[in-house]
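The values are calculated or read from the model by the stated rules, or taken from the named source; none is laboratory data. Every value quoted in this text rests on a predicted model; they were computed, and no experiment measured them. Here the Cβ is made from the backbone with ideal geometry for all residues, glycine too, and neighbour counts use every protein chain on show.
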Amino acid sequence: MFEQITTEKTILKIINFNGWYDQKQILKNINMDMFKNKISAIIGPSGCGKTTLLRSINRINDEIPDYRASGEIIYDGKNIYDKDIDITMLRKKIGMVFQKPVPFPMSIYENVAFGLKIHGLKDKRRIDEIVRLALKRAALWDEVKDELNKPARNLSGGQQQRLCIARALAVDPEILLLDEPTSALDPIATQKIENLIEHLSEDYSIIIVTHNLAQATRISDYMYFMYQGELIEWGPTRNMVRNPKKQLTEDYLNGRIS
Amino acid sequence: MNWRDVKDGVNKTVIFLFAFVGILVVVGLFVFIIKESIPALTQVGKEIFFSIYWYPTYDPPEFGMLAMIIGSLILTGLSSLFVLPLGYIISFFLYNYANTFERKIIKSTIDLLSGIPSVIIGTFLFFYVSPIVMKLGAWSPGNLLTASIGLTILSLPYAASLMEESLSSVDQSLKESALALGASKFTAGFKIVTKEASSGILNSIILTVNRIIGETIVVLMVAGGAAIIPKSIFDPVRPLTAAIASEMGEVSVGSLHYSALFTAGLILLTISFILTLISKTVIGGKTK
Amino acid sequence: MKKKQSVDSLVSLIFRTISYITFFSIILIISIVIIDGARFFKPSFFFEYPKKAMTQGGIGPAILGSLIMIALILLISIPLGLLTGVFLSEYGSKSLIGKIIDIAVTSLSGVPSIVYGLFGLTLFSITLGFGTSILSGSLTLSIMTLPVIASSVREALVALPRELRESAFALGAKKTETIFKILIPAGKKRIITAILIGSGRVIGETAPVLLTGAVFYSTKLPTSLLDPVMTLPTHIYFITMSYGVEAQWMAKATSSFLLILILIIYLIAFQIRKEEKNV
């Protein structure tokens with residue numbers, strides 16, 4: 001089912017994971033490993049459950065009243081679904097960027113500082129420092145450094161999305177979850193973000209959900225192919241592309257199912 | 001558990017408590033109004049609902065509210081007869097035939113109309129409309145016709161904008177499919193879209209009627225003072241709302257008259273409640 | 001082919017004419033009220049007491065009364081309405097208690113104003129002993145305004161994109177932190193519009209105030225919340241119904257002033273709404 005290059009460190013382990021919306025089962029017995037400082041792309045046709053899986057990793061699905069999950073997701077030695085897990089801390093370590101760029105109704109600076117402030121950081125110089133660093137890491141600093149106090153919604157779509165990335169980076173996560181981060185953007189903005197993602201994987205572990213096969217093959221190190229709630233196959237990208245082991249995988253990669 | 005969790009919990013409780021006030025108010029409305037109505041209901045009983053003789057200040061007093069109930073119904077009926085078709089016509093026009101400029105101006109003006117207080121409408125009718133109506137043949141400055149005109153003006157924004165919203169919320173492709181088959185805009189709008197939006201339109205009607213029944217000041221000023229059943233549109237009429245408002249100032253607290261007026265209020269409260277519940281079940285009713 | 005077009009032309013013509021007539025009638029009414037009253041405007045009108053059976057003087061106390069009432073009403077109904085709207089939007093959509101509060105708020109907006117007057121009379125004036133006073137009147141009108149503000153706030157919040165909330169949660173924010181720091185600021189314009197429109201409505205309310213707060217004529221300005229008050233709408237009502245032809249000018253002038261006030265409030269609200277759409 002998979003090949004692992006043994007020098008790579010597992011950062012996330014998903015074991016026998018199931019998810020239901022009300023009575024409908026969306027995720028069926030998912031088992032997979034994800035690796036540190038790699039870009040892992042979850043791919044599959046719409047409705048296959050990839051976004052649901054992603055949203056289970058930072059438990060943002062807890063906010064959906066009808067969602068139930070069983071199984072384990074092991075991160076940092078613990079099952080994140082354990083009763084005594086501090087969700088706030090979990091979400092600090094696992095950040096998320098959404099498909100739609102959603103700047104908060106405040107200045108650029110305040111957007112990036114938001115996560116820091118709610119987690120209790122008060123030292124203004126530290127905050128300034130981290131904001132600057134985060135914006136640099138998100139490749140946005142040069143474009144906004146003179147306008148930090150202007151409202152964030154004045155930025156273009158692509159800039160807003162990079163702002164959301166900076167915002168997520170500011171709290172210093174280990175893993176970054178990206179849910180179709182470029183599907184609402186034009187090709188040039190998309191290109192910039194793809195470059196950014198590749199750059200970011202040097203410091204962070206990236207898990208990206210995308211329906212854009214070309215994008216997945218371009219930037220990911222590992223691919224995880226899902227179909228109708230099940231994990232069909234996963235492994236290093238170049239192996240999966242050249243030599244898919246399941247027929248279904250090959251059909252999807254060649255556009256015969258979508 | 002840490003400080004942030006505590007704060008979150010406290011905030012959540014505060015939010016809930018404030019929101020709960022809404023339920024308290026509803027319960028309070030019924031409790032207090034029923035409480036004050038009980039003397040009249042028990043001591044006067046059936047006469048309230050079946051007698052047309054309302055002479056609360058006579059000796060012995062009579063508390064028949066039937067004339068007022070019928071008055072409310074006739075007034076509401078007549079006004080609805082004016083305002084509902086008018087509201088529909090305007091909403092249909094805005095939906096189907098108006099250009100962007102017309103839509104914006106007319107919609108804004110109607111919204112503006114909804115802000116005009118009933119007392120100003122009442123005054124306007126009193127000074128400017130009533131004389132005209134009297135020239136037409138009315139013998140009393142306060143009469144059914146003038147009041148209906150006032151109620152129409154007052155409730156038009158409700159009818160027109162609610163109906164227009166219902167029509168607009170129907171999927172564009174429905175209308176376009178009809179047009180693509182060669183139907184006229186009128187047929188598409190009337191036979192297809194209106195039908196599709198029928199629950200929304202029904203809801204608009206219910207809410208407009210609710211608004212009309214509950215109106216007090218306009219009828220107080222121009223409907224006339226006699227608690228009789230009107231036989232012509234030039235007769236005065238006294239609906240329940242006006243009776244309460246005009247006589248409340250003259251009763252002594254705790255008297256039977258006082259209690260009878262509360263009974264009138266109870267009737268109104270019950271009717272509005274029923275109408276709102278119907279509206280909520282007809283569709284996930286939207287209200288203004 | 002031609003037949004269908006002529007149906008449309010005919011209907012369009014008729015409906016258009018009717019709509020235009022309605023439109024111009026509304027403009028006519030507004031104009032008459034404002035203009036026929038505004039000709040009586042002069043400084044003494046706004047600051048003096050009414051004199052000589054409303055044939056002279058001004059409406060100073062009524063203006064003051066209305067302002068005081070509005071301030072109190074907003075003080076009470078904004079927090080109530082805001083938090084109720086927040087509850088309905090963020091906590092209440094699926095639970096039983098949420099549905100009940102939802103029905104309660106909706107029903108409240110349909111209750112006739114005179115019934116609120118009765119309620120205010122028996123609860124605030126009599127049982128709680130506040131009498132005919134600013135306090136009774138404001139409390140009653142606040143309860144009337146509550147559903148208006150609550151449902152608009154709820155609509156404003158529900159319209160915000162889901163991802164806005166989730167971005168905040170994904171950073172580790174708690175629910176109420178998100179509500180007060182992100183959601184309410186994000187919906188600020190709509191909420192302010194709702195409050196303005198609610199104020200516009202309540203400033204013209206007459207019936208409940210007749211029963212709980214207002215007097216014909218007071219000789220001194222209210223000094224405490226327990227004093228009765230003159231308000232603009234009740235003043236108009238009293239003059240029109242109880243005074244003769246010589247007092248009509250005051251009714252017209254007051255109507256004009258009140259209407260102008262309300263129109264200004266509405267125009268500000270419309271402007272804010274327009275700004276929000278252009279963002």
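Assorted remarks:
- Hits in region C:157-170 (condition: of a type in the set (D, E, K, R) and facing another protein chain (nearest Cβ under 7 Å)): C:163, C:166
- Evaluation of residue C:16 against (1) at pLDDT 90 or above; (2) in a loop (DSSP other than H, G, I, E, B); (3) basic (Lys, Arg) (one fails), failing number: (2)
- Qualifying residues in region B:1-53 (those that are over 18 Å from residue C:102 (Cα atoms) and of a type in the set (Phe, Trp, Tyr)) - the one nearest to the other protein chains (Cβ to nearest Cβ): B:32
- For residue B:259, the stated conditions hold: it is more than 9 Å from chain C (Cβ to nearest Cβ), buried (at least 21 other Cβ atoms within 10 Å of the Cβ) and modelled with pLDDT of 90 or more.
- Just one residue in the set A:137, A:153 is modelled with pLDDT under 90 and either closer than 21 Å to residue A:42 by Cβ or surrounded by fewer than 22 Cβ atoms within 10 Å (Cβ to Cβ) (or both); that residue is A:153.
- Filtered residues of region C:105-145 (kept if at the interface with another protein chain (Cβ under 7 Å from one of its Cβ atoms), among the hydrophobic types (A, V, I, L, M, F, W, C) and more than 18 Å from residue B:34 (Cα to Cα)): C:105, C:143
- Residues that are in contact with a Leu (Cβ under 6 Å, 6 or more places away or on another chain) and more than 14 Å from chain C (Cβ to nearest Cβ) within region B:218-233 comprise B:230, B:233, listed in sequence order.
- Strands (runs of 3 or more DSSP E) fully within region A:129-240 counting 3 or more residues that are in contact with a helix residue (DSSP H, G or I) (Cβ under 9 Å, 6 or more places away or on another chain) and more than 22 Å from residue A:58 (Cβ to Cβ): none
- Of residues in region A:14-51 being hydroxyl-bearing (Ser, Thr, Tyr) and over 15 Å from residue A:178 (Cβ atoms), the one surrounded by the fewest Cβ atoms within 10 Å (Cβ to Cβ): A:46
- Scanning region A:76-106 for residues that are crowded, with 16+ Cβ neighbours inside 10 Å and within 12 Å of chain C (Cβ to nearest Cβ) yields a total of 18.
- So residue C:240, is it under 25 Å from residue B:131 (Cα atoms), of a type in the set (S, T, N, Q), within 11 Å of chain B (Cβ to nearest Cβ) and free of Cβ contacts under 8 Å to residues at least 40 places away in the same chain: yes
- For the residues B:282, B:253, the requirement of being surrounded by fewer than 20 Cβ atoms within 10 Å (Cβ to Cβ), at the interface with chain C (Cβ under 8 Å from one of its Cβ atoms) and more than 22 Å from residue B:145 (Cβ to Cβ) singles out B:253.
- For first residues located in region C:171-187 and touching a residue at least 60 places away in the same chain (Cβ under 8 Å) and more than 8 Å from every other protein chain (Cβ to nearest Cβ), partners that are surrounded by fewer than 19 Cβ atoms within 10 Å (Cβ to Cβ) and part of a loop (DSSP other than H, G, I, E, B) and lie 6+ apart or on another chain with Cβ distances below 8 Å form the pairs C:183/C:160.
- Tally of residues being modelled with pLDDT under 90 and either buried (at least 23 other Cβ atoms within 10 Å of the Cβ) or of a type in the set (Gly, Ala, Ser) (or both) across region C:86-105: 4
- If the condition is being over 13 Å from residue B:243 (Cα atoms) and not in a helix (DSSP H, G or I), then region B:48-99 contributes B:51, B:52, B:53, B:57, B:58, B:59, B:60, B:61, B:62, B:97, B:98, B:99.
- Condition check for residue C:133: under 23 Å from residue B:265 (Cα atoms), modelled with pLDDT under 90, small (Gly, Ala, Ser) and in contact with a strand residue (DSSP E or B) (Cβ under 8 Å, 6 or more places away or on another chain): yes
- Residue check, residue C:253 touching a helix residue (DSSP H, G or I) at 6+ places or on another chain (Cβ under 7 Å), more than 10 Å from chain B (Cβ to nearest Cβ) and either farther than 20 Å from residue C:65 by Cα or crowded, with 18+ Cβ neighbours inside 10 Å (or both): yes
- So residue B:186, is it assigned to a helix (DSSP H, G or I), free of Cβ contacts under 8 Å to residues at least 12 places away in the same chain and among the hydrophobic types (A, V, I, L, M, F, W, C): no
- Among the candidates B:85, B:117, B:131, the residue that is facing chain C (nearest Cβ under 8 Å) and either in contact (Cβ under 8 Å) with a residue 24 or more places away in the chain or farther than 18 Å from residue C:24 by Cβ (or both) is uniquely B:117.
- Residue check for residue B:221: without any contact (Cβ under 8 Å) to a residue 40 or more places away in the chain and part of a helix (DSSP H, G or I): no
- Flag for residue A:115 being facing chain C (nearest Cβ under 10 Å) and touching a helix residue (DSSP H, G or I) at 6+ places or on another chain (Cβ under 7 Å): yes
- Some residue of region B:106-113 being free of Cβ contacts under 8 Å to residues at least 24 places away in the same chain, more than 7 Å from chain C (Cβ to nearest Cβ) and surrounded by fewer than 19 Cβ atoms within 10 Å (Cβ to Cβ): no
- Residue match in region A:53-75 (condition: at pLDDT below 90 and more than 14 Å from chain C (Cβ to nearest Cβ)): no
- The set of residues from region C:131-168 being among the small types (Gly, Ala, Ser), assigned to a helix (DSSP H, G or I) and in contact (Cβ under 8 Å) with a residue 40 or more places away in the chain comprises C:136, C:137, C:138, C:142, C:150, C:151, C:152, C:156.
- Considering the conditions (1) in a helix (DSSP H, G or I); (2) surrounded by fewer than 19 Cβ atoms within 10 Å (Cβ to Cβ), residue C:177 is excluded by exactly one of them, (2).
- Number of the condition not met by residue B:211 [criteria: (1) among the basic types (Lys, Arg); (2) under 24 Å from residue C:121 (Cα atoms); (3) not in a helix (DSSP H, G or I)]: (3)
- Of all residues in region A:40-89 being charged (D, E, K, R) and not in a loop (DSSP other than H, G, I, E, B), the one that is farthest from residue A:14 (Cα to Cα): A:63
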